[in-house]
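To keep things clear, I will list the structure first and then write my remarks on it.
The values are calculated or read from the model by the stated rules, or taken from the named source; none is laboratory data. Note that the structure is predicted; figures quoted are calculated from it, not measured. Note that we place each Cβ from the backbone using ideal geometry, even for glycine, and neighbour counts take in every protein chain shown.
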Amino acid sequence: MMFAGIYYSTQRLVKARLASDFLSALHFWGWQAIIVAAAITLPLGFSRSKEYAELIWPINIAVAFIWVVFAVNFFWTLARRREPSLYVAIWFYIATIVTVAMLYIVNHLSIPTSLLHSYPVFGGVQDALVQWWYGHNAVAFFLTTPILGIMYYFLPKAAERPVYSYRLSVIHFWSLVFIYIWAGPHHLLNTSLPDWLQTLGMTFSLMLWAPSWGGMLNGLLTLRGAWHKLRTDPVLKFFAAAVTFYGMATFEGPLLSIKSVNGLAHYTDWIIGHVHAGALGWNGFMAAGMIYWLLPKLWNKPLYSQSLANLHFWTGLVGILLYVAAMWVSGITQGLMLNATTEGGTVLAYPNFLDTLNAIRPMMLMRVIGGGLYLVGWLVLAYNLWRTIRGAQTVNGSIEVYAEKPAAADTRLGFAGSVFNAPVLLSVFLTGFATLWMLGENLVSVAGLVGALLTVVAGYALLYSRGKVWQGWYERLLLNALPFTVLTFVAVAAGGLIQIVPTVMVQKAANMEDRVQVPYTPLELAGRDLYVREGCYTCHSQMIRTMVPDVLRYGDYSRLGESIYDYPFQWGSRRAGPDLARVGGKYPDVWHLRHMEDPRSISVGSNMPSYPWLSERNLDVASLPAKINVQRTLGVPYGPLTPQQIFDQVNEQAKGIAKNLRDAGAYVAPEKEIIALIAYLQKLGQFEPVTPAAAN
């Protein structure tokens, strides 16, 4: 939907055909190949265990390559445009292309160990921060900004009304792309992430409320004068509902970023409901509205059935509401039960984790019903599409467009005039002073606050006295795509640099606090890779938050140093099962064996699937030397080990676990995968104390 909407609208907004048919076809077929590759590799367990970033490194290279193809085709088309000024939708498309490229490349930096496996270059807290800088902004710049650009083109077209406010669209764009990039740490609140990053993420998430609702209001108010068409026009129904869902999701996001609210909602289904309100309501309904609007124009034939389109709308709307409401109720129930304590906060009210799963089963059924209705709506769209285009020929012709004369040289801003300008410099100063205020200490923080206030006052004074000059500067900026793109990149890169660079540059010893993780043995490392392969990370977190109920339920809260050698990090995003940060040594080896063979024999009522093949398949020991070499390159303190020494260590530890199982009445050969997984699980939570001298 995003690619189709951008390709269709861009040609009309710039009055020029796409620059290259070859690149367009390469983009299309390359993207389909990536989808097929993902559909094959992920079910087979080839995963990086990072949300929105699961794909293995060869596919990641393909994604980056196809994205470059898309970017070249887009910017080449801009270079050939016959419309001098860049329309609002184009701004959002530019932000999407440059920011997604930046996010994807940085978060997917990896060192391969084989053709199908790699380790990320970041580990522990650094990996967590980079992942959620990427993950949150993948939602922002893959599922929000391009769809906003599509909204600014297709919604006015469908309503036959101009955009409500051009000035509001300017404020919406620049504030959104600048603020959004800072909000990633709100996914890691109450964890061992440094407090300054948590505060920064929460602050910018709350600030994000304003530009998001500015865009929503600009969309809805564009429909003024077209409300009468909502009764009969399914396209406007989808668009109006989509923008409303965007407003709802962007209200809920900042709400969930408040630390106390996040303490209730994080790791629960409430987050699932929040994300799907945006994915199904905002993205899905915008896609449906765009498709229904495009079909008659692409095939020069009326839509087969307006009634079916209306049926799709109401079926999908009811499905979304059931789905999201179920997740709200389920998530809040989970949060309240897991955080409930008695006797003055010293005893858990629901010590058995399975109590929460049993309480939310009815909501899971409602989720299935809601999701099923939503899917039925899309099947109706597919039928409507097929009947519309059956027997029709696609529109394939050329039209004449009026091309304005090229702007005179003196009316176009050069690169220096675009960048080194009062609005840009004031923004840089404000960001710099605000950073000193939030991150500095004592006099530095006070100086940053004073500088930020003086910059704001100076900005308002200059705006009042030179507002028309600034307006002229911006209009001339829109005549040149290069400086506009550079300024957009600077706006989105600033937040990531200020958050990530200090965290990556700080020495690991400074983050260890009072304990440091014990490096995995070769067998434990192999077990960790099996844990990732089987998707265990999707249900189990390994991060005990600094909250009393978490500590009472799982043990002492997690420190940064305890995950310093985790490539990738395993802090988790959802708890469909208990946290495993302290599970090592809690149960005997045979307990883990029985739990993996038949979870319900150990935990009655468990939702966990069985993993019988782990006791049948032999462990891939041959890959361990390459994996350990990469881990050593990443900074894990493995000494010099020959392949034979690695194999000997694996055999020795595996035989010990197999003996423990045999003594407990269970026989498993030492070379089986389950032995390695048990070794990994028994290692979790082990650490070495750090003395002040060692930390220094």
Odd one out for residue 227, checked against (1) out of contact with any helix residue (DSSP H, G or I) (no Cβ under 6 Å at 6 or more places or on another chain); (2) crowded, with 23+ Cβ neighbours inside 10 Å; (3) of a type in the set (Phe, Trp, Tyr): (2)
When residues of region 561-597 are limited to those that are assigned to a loop (DSSP other than H, G, I, E, B) and among the hydroxyl-bearing types (Ser, Thr, Tyr), the one farthest from residue 274 (Cα to Cα): 587
Count of region 357-382 residues which are surrounded by 14 or more Cβ atoms within 10 Å (Cβ to Cβ) and in contact (Cβ under 8 Å) with a residue 60 or more places away in the chain: 9
Within region 160-217, tally of residues that are among the polar types (S, T, N, Q), surrounded by fewer than 18 Cβ atoms within 10 Å (Cβ to Cβ) and more than 30 Å from residue 545 (Cα to Cα): 1
Complete set of residues in region 574-603 that are of a type in the set (Ser, Thr, Tyr) and under 33 Å from the mean Cα position of the chain (by Cα): 603
Residues of region 15-67 classified as among the aromatic types (Phe, Trp, Tyr), surrounded by fewer than 18 Cβ atoms within 10 Å (Cβ to Cβ) and either assigned by TED's automatic domain parsing to the domain that holds residue 573 or over 19 Å from residue 568 (Cβ atoms) (or both), total: 5
Selection within region 604-616 - under 33 Å from the mean Cα position of the chain (by Cα) and at negative phi: 606, 607, 608, 609, 610, 611, 612, 613, 614
Number of positions in region 554-567 that are buried (at least 20 other Cβ atoms within 10 Å of the Cβ), farther than 17 Å from residue 195 by Cβ and more than 22 Å from the chain's Cα centre (by Cα): 4
Test result for residue 530, modelled with pLDDT under 90 and aliphatic (A, V, I, L, M): no
Hits in region 315-356 (condition: assigned to a loop (DSSP other than H, G, I, E, B) and free of Cβ contacts under 8 Å to residues at least 24 places away in the same chain): 343, 344, 349, 350, 352
Any hit, region 37-59, residues being within 30 Å of residue 401 (Cβ to Cβ), assigned to a helix (DSSP H, G or I) and modelled with pLDDT of 95 or more: no
Residue 133 being part of a helix (DSSP H, G or I), buried (at least 24 other Cβ atoms within 10 Å of the Cβ) and on the phi < 0 side of the Ramachandran plot: yes
Residue within region 621-643 that is surrounded by 17 or more Cβ atoms within 10 Å (Cβ to Cβ), within 31 Å of the chain's Cα centre (by Cα), part of a loop (DSSP other than H, G, I, E, B) and assigned by TED's automatic domain parsing to the domain that holds residue 677 present: yes
Sole exception among (1) surrounded by fewer than 20 Cβ atoms within 10 Å (Cβ to Cβ); (2) closer than 16 Å to residue 192 by Cα; (3) not charged (D, E, K, R) for residue 570, by number: (1)
